[in-house]
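The values are calculated or read from the model by the stated rules, or taken from the named source; none is laboratory data. Predicted model only: the values in this text are computed from it and were never measured. Don't worry about glycine lacking a Cβ; one is built from the backbone with ideal geometry, like all the others, and counts go over all protein chains shown. These area figures cover heavy atoms from the full protein model, side chains too; ligands, DNA and RNA do not enter into them. Shrake-Rupley method; radii C 1.70, N 1.55, O 1.52, S 1.80 Å.
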Amino acid sequence: MAELLHHSINQFNFDAINRTKTRKGIETQKSIHLLPFQCVLTIDNRRIVVKNGKDSLDICRVVNGMWQTSGGWGRIDRDNAVDAMLKYADAGLTTFDMADIYGPAEDLYGIFINRVRRERPQEFLDKLRGLTKWVPLPVKMTSTFVRDSINVSRKRMDVASLDMLQFHWWDYSNRGYLDALKHLTDLKEEGKIKTVALTNFDTERLQIILENDIPVVSNQVQHSIVDMRPQQKMAELCQLTGVKLITYGTVMGGLLSEKFLDTNLAIPFAGPPLNTPSLQKYKRMVDAWGGWSLFQALLQTLKRVASKHGVSIPTVAVKYILDQPAVAGSMIGVRLGLSDHIRDTDAVFSLVLDEEDVNSIQEVTRKGKDLLKVIGDCGDEYRRA
């Protein structure tokens, strides 16, 4: 297996990563250790367990994304939002994803989990998962700075230990991300964090992190039927090392839905407005991939597949990505107190896409551009000048 990893990683041509020079100028190559990762489905196919040595976390395979609480999707009423979170959890959708920069998301989770402590039994509380992200500016990553930052999230979410801390870094030229991750690993050993993870890191940097023995469990990346970049370099490295992918943008902010089927956005006011940050973001992704006409062909194909199985287009879109190699979970954004997608999400777990379905979808997607060549690897869309 070590030999397999060595040869497969070399195919990525990351010579600058693998080779280092000694003081005498002699080149040496550092190998990646195969970490004791494991990812298994539980008896309940809604949940998946990701293990890394002594670290273990089970999550719902469909994750409730809380970016929508940060503004731009409509006013969020606190009480209604917490009511909605409880409704999702009661439906078995017990994993919530947030970030320190998502407005009141962490605070809402803290209010929510305290309500659960009062109103639900312990076994219900034990199934809840709060995944958060830390998105610092690329300043000097001292132990004190990292600890203080993580303590803010622990306080806001009102938990002794964060279930998962997903780390983001803006500037790869600043190697401080390794210092930050080492300090986060120390906090994990202290019990302040249960699992350390990444968000929007590319394959090259993921390899560097693994070479430095940072025990990351997962990498959260943009991944949809349109954006299949993670299934190129990233998925191969993940399969070799056991790192899992948690995906966002899987329904492209709602573009992958019946709402946008048979619409022409080139005609003013002829189609649904692109009136949220996520719709605007993923419309740009459609433009980069192949344009609105090709996207309509994809929606029409997805609609035929959805009708065949008696489900919706978003349900097919999510299941297609959940079936991809290395994917542990996929995120669907929640507009808490404004709308919900519980019925569509519930259908994901019973949907089985057959060979005919997959082939028909791929027949369309093959006509799109290779976004790895257009945009770059996972997360590069956030780091382009």
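When each of the peptides 296-306, 242-252, 76-86 is scored by the mean number of other C-beta atoms lying within 10 Å of its residues, the order from highest to lowest reads 242-252, 296-306, 76-86. Sorting 150-162, 347-359, 90-102 by their mean Cβ neighbour count within 10 Å, with the most densely packed peptide first, gives 90-102, 150-162, 347-359. Computing FRET efficiency as 1/(1 + (r/R0)^6) for residue 304 and residue 269, where r is the C-beta to C-beta distance and R0 is 35 Å, gives about 0.80.
Antiparallel beta bridges, as assigned by DSSP with both residues in the chain, represent about 35 percent of the total such bridges. Which one of 336, 181, 294 has the biggest mean-square fluctuation once the chain is modelled by GNM with Cα springs under 10 Å? In the Gaussian network model the winner is 294.
Using 0.36 nm per residue, how much length does the chain from residue 373 to residue 90 gain when fully extended, once their Cα-Cα distance is taken away?
So the extension gain works out to 97.6 nm.
Using the Karplus relation 6.51 cos²θ - 1.76 cosθ + 1.60 with θ = phi - 60°, the per-residue 3J(HN,Hα) values for the stretch 152-157 come to 4, 5, 4, 5, 5, 7 Hz, with x marking Gly and Pro. Residues whose amide H falls under 5 Å from that of residue 47, counting only those 5 or more places apart or on a different chain, are 42, 61, with hydrogens built in the peptide plane. Pairs of Cα atoms nearer than 8 Å and 6+ residues apart set the relative contact order; for the stretch 118-213 it is 32 percent. By the rule of a C-alpha distance below 19 Å, with chain neighbours fewer than 8 residues away ignored, the lysines paired with residue 194 are 51, 54, 127, 133, 155, 182, 244.
Once both labels are positioned 7 Å from their Cα atoms along Cα-to-Cβ, the gap between residue 147 and residue 83 label points is 4.3 nm.
Converting phi to 3J(HN,Hα) with the Karplus coefficients 6.51, -1.76 and 1.60 and the offset θ = phi - 60°, the stretch 132-146 yields 10, 10, 10, 10, x, 5, x, 9, 5, 9, 7, 4, 5, 4, 5 Hz in sequence order, with x at every glycine or proline. Surface analysis of the stretch 256-310 yields an accessible area of 49 Å² per residue, using protein heavy atoms and a 1.4 Å probe. Per-residue 3J(HN,Hα) values for the stretch 225-233, derived from phi via the Karplus relation 6.51 cos²θ - 1.76 cosθ + 1.60 with θ = phi - 60°, read 4, 6, 9, 9, 3, x, 7, 9, 5 Hz in sequence order (x marks Gly and Pro). If a paramagnetic tag sat 7 Å from the Cα of residue 120 along the Cα-Cβ line, which residues of the stretch 72-103 would have the backbone N under 15 Å from that point? Counting backbone N atoms under 15 Å from the label point, the list is 81-97.
Restriction of the GluC sites (Glu not before Pro) in the stretch 189-268 to DSSP coil positions whose beta-carbon has at most 10 other beta-carbons within 10 angstrom yields 190. For the chain, the fraction of 1.4 Å probe accessible surface lying on carbon and sulfur atoms is 50 percent. Under 5 Å from the amide H of residue 219 lie the amide H atoms of 198, 244, 245, 246, each residue being 5 or more positions distant or on a separate chain, with H modelled from the backbone and absent for Pro and chain starts.
Close amide-amide hydrogen proximity is noted between residue 333 and 65, each under 5 Å apart and 5 or more residues distant or on a separate chain (H modeled in the peptide plane; Pro and chain starts excluded).
Using 0.36 nm per residue of separation minus the Cα-Cα distance, give me the extension gain between residue 70 and residue 139 in nm, one decimal.
22.5 nm
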